[in-house]
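Below: one structure, written as structure tokens.
Read-outs: derived from the displayed coordinates by stated rules, not from any lab. Being a predicted model, the structure only gives us computed values, none of them experimental. Using ideal geometry, Cβ is built from the backbone for each residue, glycine included, and neighbour counts are taken over all protein chains shown.
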Amino acid sequence: MITNDIGAALRAYGRPDTRRLGLRSGFPEAQRFIYGVATDAARRVRWNEVIALLRKWAAKPEDLEDEGVKAPTSTLILHAVSVAGAMRETKELPAPRRVTPTNEGGLLFERWDGDLAEVLEFLQDGSCEMKTFYRDRLVQRVPLHLVRPSRTL
Amino acid sequence: MEGFEPIDDDEVLYRRVLEVHFDRTVRATPDPQAMRPIAQDVDGLSLKRARYWTAEQVSRGRPGKTYFVAHLRAGSVRSLLVATRTLTLRPDDPDVPNSEHGHCVIPELVYATRGSDESESFQRLLASTVHEVEGPFRTPA
């Protein structure tokens, strides 16, 4: 699927395959993880913090370089800003608890609750991948095909 | 030979962590990226033995930059399990050129396969196993 509707593509975010993880959909842990516990105002505040941090990195990406570690480009970081903005406007999407540059010129949005963790990775080539971990084991890997936005938020 | 002998289960091992890969206010353990092999980790994830190095020595990186040092217990590293696979710890071989006193690698975690499901699971497990993070340490400019 190729889409420029970022919000629609990312509705899958926050919905791990609970059957594959052996959790009933009504299981409280799964419910909490899917819908989050934050109010919408708190959720928006957190997304705004994420966007501010990404913008700071985009202004000076070379600060993220190190031995054997490639910094993400400003273009990729601003792409992540656009995606984050779209996610912020999509009501049930919880904000990441951690945002991290990868060692390979990418970025990660990560959140976790109990034994479940979900990582949205922006790879150096501009593609995206969503990974679900259960008890720290990778159990699901889903590529997301997002068209780069033509402008940034 | 001292510094190249087998590693005991109760030994502490150090891994340098970039400043952006650890935030105490978010989580007590570093980001799994800190345990992801980098280009230099060709023959395994590089660790230093606390018997022979101080955390401050291990923290030294690029001039002017800040780092943390993650502490891992050897026995905990060896007890990690993904499917039926476990991790091992290999001290440097003193007969090999460029071997380093007090250095070891986890040979199952190499740069070439860093993106495999198994490697990513172990990276995450290793980060969760960290029992202490020291720092920040600033490398002098």
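A compact table of results
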{"quantity": "Whole-Hz ³J(HN,Hα) from phi, Karplus 6.51 cos²θ - 1.76 cosθ + 1.60, for the stretch B:122-136, glycine and proline x", "calculated": "5, 4, 5, 4, 4, 4, 5, 7, 4, 9, 7, 10, 9, x, x"}
{"quantity": "Rounded FRET efficiency, nearest 0.05, which uses the C-beta distance separating A:Thr90 from B:Asp43 and R0 of 41 Å", "calculated": "0.40"}
{"quantity": "Over chain B: helical MRE at 222 nm, DSSP H runs n ≥ 4 each giving -39500 (n - 2.57), nearest 500", "calculated": "-4500 deg cm²/dmol"}
{"quantity": "Distance histogram for chain B (every C-alpha pair counted, 5 angstrom bins, percent rounded to whole numbers)", "calculated": "2, 10, 20, 23, 22, 15, 6, 1, 0, 0"}
{"quantity": "Relative contact order for chain B, counting Cα pairs under 8 Å that sit 6 or more residues apart, in percent", "calculated": "38"}
{"quantity": "From the C-alpha gyration tensor of the stretch A:61-153, square roots of 5λ in Å", "calculated": "21, 18, 12"}
